[in-house]
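Please treat every number below as a calculation from the coordinates, not as lab data. None of these values were measured; they are calculated from a predicted model. Neighbour counts are summed over all protein chains in view; Cβ atoms, including those assigned to glycine, are modelled from backbone coordinates with ideal geometry.
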Amino acid sequence: MALKLSHVTKIYTTPEGKLTVLNDLTCDFTQDKIHVVLGYSGVGKTTLLTIIAGLVKPTSGKVFLDDKELTGVSTEIGVIFQDLRLFPWLKVMDNVAFGLRLKKSPDIKTKVDKILTAVGLQDFADYYPMKLSGGMKQRLALARSLVLEPKILLMDEPFGSLDVITRHKSHDLLLEIRRFSHTTVLFVTHDIEEAVVLGDAIYILSGVSGQLTKVYERNSDGGRDITKVKTLLLEKLTD
Amino acid sequence: MTQPNRYERYFKPLSFVSLLVSLLLFLLIWLFASRVLNIHKLVLPDLADTLNQVFLMSSNKQLLGDVTVSLLRVIAGFGLAVLVGVPLGVIFGSVRSVRLILEPHLNMLRFIPAASLIPLLILWFGVGETGKIVLLFVRALPYLVLYISSAAMSVEKDLLEVAKVLGANQKQLLTKVILPRIAPQVWDICRIEFGSSWATLILAEVLGANTGLGYRLVLAQRYIHVPELFALIFLSGLIALVIDALMGFVHRKLFPWSEKARLAEV
């Protein structure tokens, strides 16, 4: 499923006056790809995701999922937040089953077992989130979203608080999961390296203009020159 | 297991040994005050006389009956307040219009001393059970509702957002997120309010009853039996303390994910 933004603008009213965070964004995020939005902290990356998720209304503009306009929260869109937001009172398996139970899905146990195995948490199904490490919590958040088989997965700097090794493992896991899930991913980060490793397409969100610009798209053969892409992104970010 | 930090050490539940040491220290001070400082027995009875009285009371079936009556009263009155107060508190904390209408009344009720209601309740219901149950209900309800609504309002917006994204509707947010999230706090609020209800009941029994622990206090006072008075006061505190400790234990079993349970483990 493809995601489309049409003239999306978000203006916040602050005591100091009006603050334009997103300015007339129009963009197509094509199906089955990892789209990475890169930008400095505070440029409005999270605002963009919360608008797509239906949690915040844009000041103007529309969001479409294929040709259907999104006017609120949709179960076809999964979100992994920066702070993960796990339910502390639910065990790992119940956190994963939360959304399935809400929509009274059949075969909940099978689905939960399958996704926990995919993210390597099958031996921790009976644990409470507080007993998990940072990397495991992050995998749990991923499992909780993916088990609902969302058409679009929004990821808001989910690996930001992880150490380098765990972060690399998480990148590998995301890329591996992508191979069998066909979910379109919109991944927000301020880390150039992360953008290069994960992105099929990379966009820069400018804090000055509030515009979103596509700066890189991976070749059809899937290859990329990492150093070259990093240099390109650095140039574009400092423009 | 990592070493507990300063915060964790401070809030860790007290161990049985520390409670025992604290109790022994208290008894030593009592012994010193009654034996060495020679405080008049009407003011402070001898520790041995009082402990002897406690021993005698423990085999007294009539007292056991009075304690049972008091416990049943507090369970009925406070239990009713919990049954009404918990759901009302959650609705209060989640539905603004309900809060706007009822909050001033509950706030006013909160500031009315329980003792001031006793004459009216005796007039309405006599010295029987109904008046006491109503008193406990009326005293506990506003506190329960206001504290629980405050807990419901403090549920992280982030958790509500993620539940919405996972497909929760308004009713499910209430039952699947708000209620389980605040359950440990609700339990603790009930635990604290139970203590207050117990104290209120003893007061009500002192002022108008012909059974119950409070009534026994009146009898002991009438016959100027100070060791028995002290023993009964001690017993009323002990009963509340035991129930409180039990509720604390149950808290850790019911909510193993809560901060309190975690602190008990470190």
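Observations on the model:
- For segment A:1-60 versus segment A:151-188, the gap between their alpha-carbon centres in whole angstrom: 20
- For residues of B:155-165, the mean tally of beta carbons on other chains within 10 Å: 6
- Chain A: calculated mean residue ellipticity at 222 nm from DSSP helix runs of at least 4, using -39500 (n - 2.57): -10500 deg cm²/dmol
- Protection proxy ranking, peptides A:159-165, A:24-30, average beta carbon neighbours within 10 Å, highest first: A:24-30, A:159-165
- Rounded to the nearest 10 degrees, the inclination of helix A:164-181 to the longest alpha-carbon principal axis of chain A is 80 degrees.
- Unit charges at the beta carbon, dipole of chain B: most positive-side option, B:118, B:69, B:250: B:250
- Per residue of A:77-89, other chain Cβ atoms within 10 Å of the residue Cβ number 5 on average.
- Once the Cα atoms are used to define both axes, helix A:134-146 deviates from the longest principal axis of chain A by about 90 degrees.
- Sequence-ordered 3J(HN,Hα) estimates for segment B:240-254 from the Karplus curve with 6.51, -1.76 and 1.60 and θ = phi - 60° stand at 5, 5, 5, 4, 4, 5, 4, 5, x, 5, 4, 3, 5, 7, 6 Hz, glycine and proline given as x.
- Counting Cβ atoms of other protein chains within 10 Å of each residue's Cβ and taking the mean over peptide A:141-152 gives 1.
- Options B:98, B:203, B:137, ranked by Cα towards positive dipole end of chain B, top entry (Cβ charges): B:98
- Note on chain A: with charges restricted to the Cβ of Lys and Arg (+1) and Asp and Glu (-1), its dipole about the Cα centre is near 580 debye.
- Computed over chain B: relative contact order in percent, which uses C-alpha pairs under 8 Å that are six or more apart: 27
- ³J(HN,Hα) computed for each position of segment B:46-60 - Karplus, 6.51 cos²θ - 1.76 cosθ + 1.60, integer Hz, glycine/proline x: 5, 4, 5, 4, 5, 5, 4, 5, 4, 4, 5, 5, 5, 9, 8
- Take every pair of alpha-carbon atoms less than 8 Å apart whose residues are at least six positions apart; their mean separation over the length of chain A yields a relative contact order of 28 percent.
- Residue A:155 long-range amide H proximity, modeled H, under 5 Å: A:80, A:186, A:187, A:188
- Around the Cα centre of chain B, unit charges on the Cβ atoms of Lys, Arg, Asp and Glu (plus for the first two, minus for the last two) sum to a dipole of about 440 debye.
- Think of chain B as having a plus end and a minus end, set by charges on the Cβ of Lys, Arg, Asp and Glu; of B:30, B:51, B:150, B:150 sits farthest toward the positive end of this dipole.
- Assigned charges on the beta-carbon of Lys, Arg, Asp, Glu; segment A:48-151 dipole about Cα centre (debye): 200
- Highest-fluctuation residue, B:252, B:216, B:139 considered, GNM on chain B with Cα pairs under 10 Å: B:252
- Overall form of chain B per C-alpha gyration tensor (a/c, 1.5; a/b vs b/c): oblate
- Taking amide hydrogens as placed 1.01 Å from N in the peptide plane, the amide H of residue A:127 sits under 5 Å from those of A:92, A:93, each at least 5 positions away in sequence or on another chain.
- The simple Förster model, with R0 at 22 Å and r as the Cβ-Cβ distance, assigns residue B:127 and residue B:83 a FRET efficiency of 0.30.
- Sequence-separation-based contact order of segment A:1-95, relative, with Cα cut under 8 Å and 6+ spacing, percent: 30
- Inter-part distance where segment B:127-145 and segment B:45-99 are each reduced to a Cα centre, Å: 11
- Integer Hz, Karplus 6.51/-1.76/1.60 couplings in order for segment A:47-63, x for Gly and Pro: 4, 4, 5, 5, 5, 5, 6, x, 8, 10, 8, x, 5, 8, x, 9, 10
- For chain B, the longest principal axis of the alpha carbon atoms and the long axis of helix B:16-31 meet at an angle near 30°.
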